[in-house]
Amino acid sequence: MSKLSVRDLSLSGKRVLLRVDFNVPTEEKDGHTRITDDTRMKESLPTINHLRAAGAKVIIMAHFGRPKGAVNLKYTLRPVALHLSHLIEAPVGFSPECAGKVPAEMIEQMHNGDVLLLENVRFHAEEEANEVSFAKELAALGDIYVNDAFGAAHRAHASTAGIAHHVSQAAMGLLMEKELKYLQGELKDPARPFVVILGGSKVSDKIGVIKALMEKANTFLIGGAMAYTFFRALGISTGKSRVEADKVDLALEILALAKAKGVKFLLPVDNLETQEISATAQPRSTGLLSSAKGISEDWEAVDIGPETVALYRQEIAGAKTVLWNGPVGIFELAPFASGTRSIAEALAASSAVTIIGGGDSVTAVKQFGLGDKVSFCSTGGGASLELIEGKALPGVAALSQKA
Ligand code: ADP
Ligand code: MG
């Protein structure tokens, strides 16, 4: 069942088409494009370095922004090529076209170990439409395909999936391999107790994950805005907190499912509530909640409270595997960040396998400086959720099987 890895390939002298996720945040300053966070680029360096060291000609494909299938130089990858050359301390060529004669001629001039970045594949509408002719054109530029773009693996595009069918070998890169090792391998038969922390803004975003993990988890710890839809379902007043009124029945269904399966499903026992969403707000604790005493009228719950933190910390301390998706409060604002910070600290202190999936939760953990104190931070928001839900990712499914 396992997929071919870049480590399994003989690479010397081969033209390797490497798909990466270089969709980095940028800002314009004095007419220059500056990359404000190059984490995604750094995550692919092990694969790029591996290919170079093995003597491959490294031809990199990536998308950038949403040019909607047309050439738009606002979304050119040229500044990314320059930045990559600093990161690998070697020249990086740039092809202003991603397919056809222009890159083909540049590739002919490449030596083993050279690196060439192709222009944004999304300048062609055929990319997102996953058109066979375009996938073939991309494939014609190389011998082997390596996919390291985990963050785009849940999309069936020409450069993430289609291309794999038109090369002799299609393998996962080292980042892709690591993502699958944690989000698929470690979670297939997790060491128990397996504790899942779920937060974030909406229950509706996480239903698939909750249902899939209900089969495996011993304990769920719920936080974030999604907790208040469960409160509503239980008849606990929610004040002005964010509630998905149309998901109340679903919340009840989930609670019943957890009960039937003997899964511990914990909701916050206290919260921080505020009347003002701002960086200078002074939230107050609700104290212990009950169906008689919920979130105050006209107040909004923005974080889990200290009693909940203590309760959740205890569960985390006893776990062997912890998966966390979704911040437990509005962590972007300092007065509402303490719950999320405490959870991050509990994971950092734990000896369990600790896995963070989901864009905002990873941002939070890194913001607290705890990114390298957990076992793994996923680079893919949407892709990580789909993988945890048990869905096949087109960008992975298309890769060759290991012989
Ligand atoms: P992830 O990207 O980790 O999957 P989500 O995208 O589901 O997480 O949710 C993240 C967002 O949820 C954050 O922007 C955070 O501010 C918000 N959030 C967390 N708790 C609350 C709350 N109590 N009320 C409103 N928004 C919340
Ligand atoms: Mg998010």
Report task. Kindly check whether there is at least one residue in segment 160-177 that is within 18 Å of GLN401 (Cβ to Cβ), at pLDDT 95 or above and among the acidic types (Asp, Glu). Result -> yes
Query raised in the report: What about ALA301, is it of a type in the set (Gly, Ala, Ser), within 15 Å of ligand 1 (Cβ to nearest atom), under 22 Å from GLU273 (Cα atoms) and at pLDDT 95 or above?
Result: yes
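Listed here are the residues, each with its yes/no results for (1) at pLDDT below 95; (2) touching a Pro at 6+ places or on another chain (Cβ under 8 Å).
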site	(1), (2)
TRP324	no, no
GLY329	no, no
THR340	no, yes
ALA344	no, no
THR363	yes, no
SER375	no, no
ALA383	yes, no
LEU387	yes, no
Query raised in the report: Given ILE295, ILE330, which one is within 16 Å of ligand 2 (Cβ to nearest atom), touching a residue at least 24 places away in the same chain (Cβ under 8 Å) and more than 14 Å from ILE222 (Cβ to Cβ)?
Result: ILE330
Query - Single residue of segment 192-214 satisfying the filter (within 16 Å of ligand 2 (Cβ to nearest atom) and in a strand (DSSP E or B)) that is farthest from PHE230 (Cα to Cα) - result: ILE197
Query raised in the report: So, in segment 351-373, of the ones that are in contact with a strand residue (DSSP E or B) (Cβ under 6 Å, 6 or more places away or on another chain) and away from ligand 2 (no atom under 14 Å from the Cβ), which residue ends up nearest to GLU179 (Cα to Cα)?
Result: ILE355
Query raised in the report: Is it the case that some residue within segment 236-244 is at pLDDT 95 or above, closer than 29 Å to PHE376 by Cβ and of a type in the set (A, V, I, L, M)?
Result: no
Requested in this report: Answer with yes or no whether LEU187 is within 25 Å of GLY224 (Cβ to Cβ) and more than 15 Å from ligand 1 (Cβ to nearest atom).
Outcome: yes
Query raised in the report: Within segment 113-140, can you find the residues that are assigned to a helix (DSSP H, G or I), out of contact with any Ser or Thr (no Cβ under 8 Å at 6 or more places or on another chain) and aliphatic (A, V, I, L, M)?
Result: ALA125, VAL132, ALA139
Report task. For segment 343-377, enumerate the residues that are surrounded by 21 or more Cβ atoms within 10 Å (Cβ to Cβ), among the hydroxyl-bearing types (Ser, Thr, Tyr) and either outside the structural domain of ASP205 (by TED's automatic domain parsing) or within 14 Å of ligand 1 (Cβ to nearest atom) (or both). Result -> SER361
Report task. Select, from ASP270, ASP189, ASP249, the only residue that is away from ligand 2 (no atom under 16 Å from the Cβ), surrounded by fewer than 16 Cβ atoms within 10 Å (Cβ to Cβ), over 30 Å from ALA129 (Cβ atoms) and over 22 Å from the mean Cα position of the chain (by Cα). Result -> ASP249
Query raised in the report: Among the residues of segment 378-399, how many are within 16 Å of ligand 1 (Cβ to nearest atom) and of a type in the set (A, V, I, L, M)?
Result: 4
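The values are calculated or read from the model by the stated rules, or taken from the named source; none is laboratory data. This structure is a prediction, so every number in the text was calculated from the model and none was measured. Neighbour counts are summed over all protein chains in view; Cβ atoms, including those assigned to glycine, are modelled from backbone coordinates with ideal geometry.
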